[in-house]
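*Asks:* Got a structure for you, written out below as structure tokens; questions coming shortly.
Rule-based calculations on the coordinates, nothing more; no lab input. Note that the structure is a prediction, hence the values are computed from the model and not measured. A quick note on method: Cβ atoms are made from the backbone with ideal geometry, for glycine too, and the neighbour counts reach across all protein chains shown.
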């Protein structure tokens, strides 16, 4: 069974990533030319904010401060920084919707299989909602790219390389004593 | 303020403002409001012009809310939530205007667009200052204009009138949360008042340099302003500004924006 501390660290780390997602999508709104993509990002800024907020309320229940974030491991922070620096719209969409959200979903599912669903039921409920949210976000992007094929990324190697880099980072949660805790 | 959004600056009429946000190549970008076509009246062409302009205005509101989320990671979380929600609202408004514009025969990029609202607000380096200009000046002013303009839309285009009613209902909440947070921030951090004064002074400089339009003859809606969270003192200040507008058309910029 995961300890209270382990569960709190996971929730706070995922909150960090959702806040990062909110900020990154928001930052891309003015610098992305396509109107339909701006609208997609604008909607998902709000989704990411709500996801972070739900996790931030849960951190308080897990003996951490309210709306508390914990910085992930350095390798993951580096990955996030590289994604944020991406410029072309097809790469931006692929990085978030094909790689990151999908990978976050996989990490959430692994957490669900590891935690006690009765003891940790409030976290489970939040995670289940976030999985549904993220599936909706990915579907919205898929539908948009079907409508506007110019938004499709044709460089499969780029996408697979990023996917492999994300998958190789384990753990994402900096459980070690040297973990840097951040207020968001 | 972080440098997450790497958009530089440009000079308009001698004033340094933020460079334009990214737009699709179909758009012709101009730099002053009066360069955007506005023939007035209620003809189909006039309505297309206005919907095209409104689509870009809503897109700028989305971009301003978004850059506020990105630029101020240390802002109170509850305020960031409000701004994030505004991103969604403005995205929906943009989509509504774009759909309506196309429904009456418009083609994206049919008319030039100006992004002066963005260029002014995104240049301001404090969140309180941005809210003072974007929410309290531009959005609150545009709501008073809407009270006059929506009945005119209704005479010829009921569907667009209903759409604008729905949009204005959302905008009420944006002005309210900005007023609430400006008051809270000012109470907790006195320098916020200086940031706001600096932002408004910057807006005045931009308007003085760029406005060649006559002020609109739209009186302050006292009851409406009260419902938006403005205090009686603040409403009196807005009314005093109306008199100043005869010599200095600051509100004209706000009025024209959402017309």
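*Asks:* Can you pull the mean other chain C-beta count within 10 Å for peptide B:93-102?
*Replies:* That average works out to 2.
*Asks:* Let me ask something else about it. For n ≥ 4 DSSP H runs only, could you compute -39500 (n - 2.57) per run for the protein assembly as shown, divide by its residues and tell me the 222 nm figure to the nearest 500?
*Replies:* That calculation yields -22000 deg cm²/dmol at 222 nm.
*Asks:* Something else about it: With a cut-off of 8 Å between alpha carbons and a minimum separation of six or more residues, what is the relative contact order of chain A in percent?
*Replies:* Contact order relative to length: 33 percent.
*Asks:* Compute the Cα gyration tensor for the protein assembly as shown, then decide on rounded, prolate or oblate, letting a ≥ b ≥ c be the square roots of its eigenvalues: rounded whenever a/c is under 1.5, prolate when a/b is larger than b/c in the other cases, and oblate in all that remain.
*Replies:* prolate
*Asks:* What order, most packed first, do the peptides A:66-77, B:59-70, B:181-192, A:151-162 have when packing is the mean number of other Cβ atoms within 10 Å of each residue?
*Replies:* Those peptides, ordered most packed to least, come out B:59-70, A:66-77, B:181-192, A:151-162.
*Asks:* Please compute the average number of Cβ atoms from other chains found within 10 Å of each residue's Cβ in peptide B:73-79.
*Replies:* If you average over the peptide's residues, the count of other-chain Cβ atoms is 3.
*Asks:* On to the next question. Relative to the first principal axis of the alpha-carbon coordinates of chain A, what is the inclination of helix A:101-114, with its axis defined by its Cα atoms, in degrees from 0 to 90 and to the nearest 10?
*Replies:* Between helix and principal axis, roughly 20 degrees.
*Asks:* OK, next. Please work out the C-alpha center-to-center distance from the stretch B:55-72 to the stretch A:74-109 and express it in whole Å.
*Replies:* Answer, in whole Å: 23.
*Asks:* Pairing the Cα long axis of helix A:121-147 with the longest principal axis of chain A, what angle in degrees results, from 0 to 90 and rounded to the nearest 10?
*Replies:* 0 degrees
*Asks:* Compute the helix-to-body angle for A:74-84: its Cα long axis versus the longest principal axis of chain A, expressed 0 to 90° and rounded to tens.
*Replies:* 30 degrees
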